[in-house]
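Report on the following structure.
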Amino acid sequence: MPVYIGKRLLVAIPTLLIISIFVFSLQKLLPGDPILAMAGEERDPAVIEFLRDKYRLNDPVIMQYFYWLGGVLTGDFGISLRTNQPVLELIMEKLPVTIQLATMAMFFAMIIGIPIGIIAAVKKNTFVDYLANILALSGLSIPNFWLGIMLILLISVQLGWLPASGYESIFVDPVRSLQTMVMPAFVLGNALAATLMRHTRSAMVGVMSADYIRTARAKGLSPKEVILSHSFRNALLPVVTLSALLFGELLAGAVLTEQIFTIPGFGKLIVDAVFNRDYAVVQGVVLCTAVGFILMNLIADILYVILNPRLRATL
Amino acid sequence: MTTIDQAPAIVAPKKEKSRAWRKMKRNKSALVGMCIVSFFALLAIAAPFLPIPDPIATSWTAIRKAPSAAHWLGTDDLGRDILSRMIWGAQASLMAGVFSVAIAVGIGVPFGLVSGYFGGWVDMIISRITEALLAMPFLIMAIALAAFLGPSLTNAMIAIGLSAMPIFVRLTRGQVLAVKTEDYVEGARSVGLNHFEIMTRYILPNVFAPIIVQATLTIATAIIAEASLSFLGLGQQPPSPSWGSMLNVAKNFLTQAPWMAMWPGIAIFLVVIGFNMLGDGLRDALDPREA
């Protein structure tokens, strides 16, 4: 297993390098000269030259990339223009908020998507199956920012059950934290529930037509035992790995959800950075999201091997 | 004898097409999807000719009016007719969906073709870049690109198109790998056709079905992405209407004018579900394994 993990990590290196080139190039896409903006209205040529030297902008672009990459590898993502804080510090500050949101969203996605997927597979081609399919299709088609707005209108404004916005750390006030996060987590988990439902259904339908399920039935096992102990256990494999992959997607999906519910997380950080033209933060967030995504891919692959005894035996 | 130049390109036979169409007609969900998409497309095309108020004309006497006979869907915070803005917004949303997918297909398919057909180091380079681009979540990449390109509908379309492009590279490459060892491709090669002719006349027509299915489903994603970017203020700029930017304004008037938020969301939902149903139907119809 360690050799397998090592190999997978090695494969990720070129991917990460290409991502770093892309993120660095984003900066070069910017119209205008950032040094002129920094030099102020007087634009003293000596100041401009000093700044160019300081930021090594007189060096060839390829060297600039290596300087930047060297900084990133040592944790120096630059300084936020808006808050004057190091970008990495900002990201580390906001990341736990988004991880809490994403974990709760994944919880909602699993408790909604997996049971409905199982029921749809068991009741294949019946009214229940069609209804589940319509639900899944609707879940995939509802823009989550609109769903968020509608839930605020109904649950917070009309019924007054939950707060419409805000955030409290789970370590400070767990009850308040859960109250503020339930609605955004449901909104974020909604589309994932639909995806999980579709995959669970399809995996279950495949497994339920297998010979060993027919044997289990012939042995006289109850339908519940056949479904839960035999079918679901085997259908779980692709569902678990998919969940790990979807966790990466959640980080991206959090952008709009955090914006609507004013949650001070990773997603809000990138949107605020975009509007304040705080490009070092945008670059840092894009890079971290990509690294997180690759990490989740790796975890999905490892889980797949751990859960599948046939693959485990080949390692 | 038929010369090589006159040799017909190998495309799906007529019988195959009619079988797919028959399957499509039997699929009620796909037909409903097609009707929804056609309805919105017609609305978007007919927008300039419909007897509706100017979508950007403000009226200080009609600010945030609830739906009535004069304004069927109500008015917004500047007294503009929401129905009119919805119809013109359909144009922006559908245009964004179709154009961004055209960009994604236009760039992604040729790269996928070349990657799969030539293999070797060309394939290695294109595949590594595609993998790297796929590692960046779609919306984050679109937001980053739109931020660096500057906020406008055109730039949002470019950002969404470029973000969706790697899916088409990977899909096309996979299809080409499956097709390029077929006898008819070997035959075309053995009679001396050049690589470009083999790729465009013999391989592309045979890998196009899954690309069309993916394109239809990606239009749905692109419409949501455009609405998301406009909602964040990175897409369509005021006063021009788009469903996402209408929602962006509406969220500030939830208690005073909830109808402002309701209609654009319903429209996005309907058009996206329409494309998803159509895409699912096309996939079933074009899948030879499905009876």
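Tabulated data for the structure shown
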{"quantity": "Bins of 10 Å, starting at 0 and running to the largest distance - Cα pair percent for the range A:94-134", "calculated": "29, 33, 21, 14, 3"}
{"quantity": "Partner lysines for B:K251 [C-alpha distance under 30 Å; skip if fewer than 8 residues away on the same chain]", "calculated": "A:K94, A:K268, B:K65"}
{"quantity": "Full-stretch length increase - A:A46, A:D173 - with 0.36 nm per residue and alpha-carbon distance subtracted", "calculated": "40.3 nm"}
{"quantity": "More than 17 angstrom apart: percent of Cα pairs within the range A:1-119", "calculated": "75 percent"}
{"quantity": "From the C-alpha gyration tensor of the range B:34-106, square roots of 5λ in Å", "calculated": "28, 13, 10"}
{"quantity": "Degrees, to the nearest 10: A:45-54 long Cα axis against longest axis of chain A", "calculated": "40 degrees"}
{"quantity": "Value at 222 nm in deg cm²/dmol, rounded to 500, when DSSP H runs of n ≥ 4 in chain B each add -39,500 (n - 2.57)", "calculated": "-23000 deg cm²/dmol"}
{"quantity": "All-pairs alpha carbon distance profile, the range A:1-71, 10 Å steps from 0, percent", "calculated": "17, 35, 24, 13, 8, 3, 0"}
{"quantity": "Percent RCO, i.e. relative contact order, over the range B:143-291, from Cα pairs under 8 Å lying at least 6 residues apart", "calculated": "26 percent"}
{"quantity": "Principal axis dimensions, the range B:9-146 - Cα atoms, whole angstrom, descending", "calculated": "68, 44, 24"}
{"quantity": "Theoretical FRET efficiency, 1/(1+(r/R0)^6), r = Cβ-Cβ of B:S59 and A:I134, R0 41 Å, to 0.05", "calculated": "0.55"}
{"quantity": "Radius of gyration and maximum dimension Dmax of the range B:181-291, Cα, Å", "calculated": "21.8, 73"}
{"quantity": "Assigned charges on the beta-carbon of Lys, Arg, Asp, Glu; the range A:70-229 dipole about Cα centre (debye)", "calculated": "780 debye"}
{"quantity": "For chain B, alpha-carbon Rg over 2.2 N^0.38 Å", "calculated": "1.18"}
{"quantity": "P(r) of the range A:172-220 over all Cα-Cα pairs, binned every 10 Å from zero, in whole percent", "calculated": "22, 24, 22, 17, 14, 2"}
{"quantity": "Calculated on alpha-carbon atoms, Rg and Dmax of the range A:156-280 in Å", "calculated": "20.8, 67"}
{"quantity": "Contact order normalised by residue count of chain B, Cα under 8 Å, 6+ apart, percent", "calculated": "27 percent"}
{"quantity": "Amide hydrogen neighbours beyond the local backbone of A:I79, cut-off 5 Å, H modeled", "calculated": "A:V87"}
{"quantity": "Degrees separating the helix A:174-208 axis from the principal Cα axis of chain A, which is the longest one", "calculated": "50 degrees"}
{"quantity": "3J(HN,Hα) from dihedral phi, the range B:47-55, Karplus parametrisation 6.51/-1.76/1.60, rounded to Hz, x for glycine, proline", "calculated": "3, x, 9, 7, x, 10, x, 4, x"}
{"quantity": "Cα-based convex hull, the protein assembly as shown, per residue volume (Å³, whole number)", "calculated": "223 Å³"}
{"quantity": "Long-range tail of P(r) for chain A (Cα pairs > 28 Å, %)", "calculated": "54 percent"}
{"quantity": "Scattering profile of the range A:57-155 at q = 0.17, 0.25 Å⁻¹ [log10 I(q)/I(0), Debye over alpha-carbon scatterers]", "calculated": "-0.92, -1.25"}
{"quantity": "Spherically averaged projected area of the range A:215-294 from its Cα convex hull (nm²)", "calculated": "7.3 nm²"}
{"quantity": "Estimated dipole of the protein assembly as shown in Debye, rounded to 20 [Cβ of Lys and Arg +1, of Asp and Glu -1, Cα centre]", "calculated": "2320 debye"}
{"quantity": "Chain A: angle of helix A:279-307 to the longest principal axis, Cα-based, in degrees nearest 10", "calculated": "30 degrees"}
{"quantity": "Hits among lysines - C-alpha to C-alpha of A:K124 under 28 Å, sequence gap 8 or more where chains match", "calculated": "A:K219, A:K224, B:K23, B:K25, B:K28"}
{"quantity": "Rg(Cα) / (2.2 N^0.38 Å) computed for the range B:94-252, rounded to two decimals", "calculated": "1.21"}
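Every number in this text was worked out from the coordinates using simple rules, so none of it is lab data. Predicted, not measured: the structure shown is a model, and the values here were computed from it. Glycine also receives a Cβ, built like all others from the backbone with ideal geometry; neighbour counts cover every protein chain displayed.
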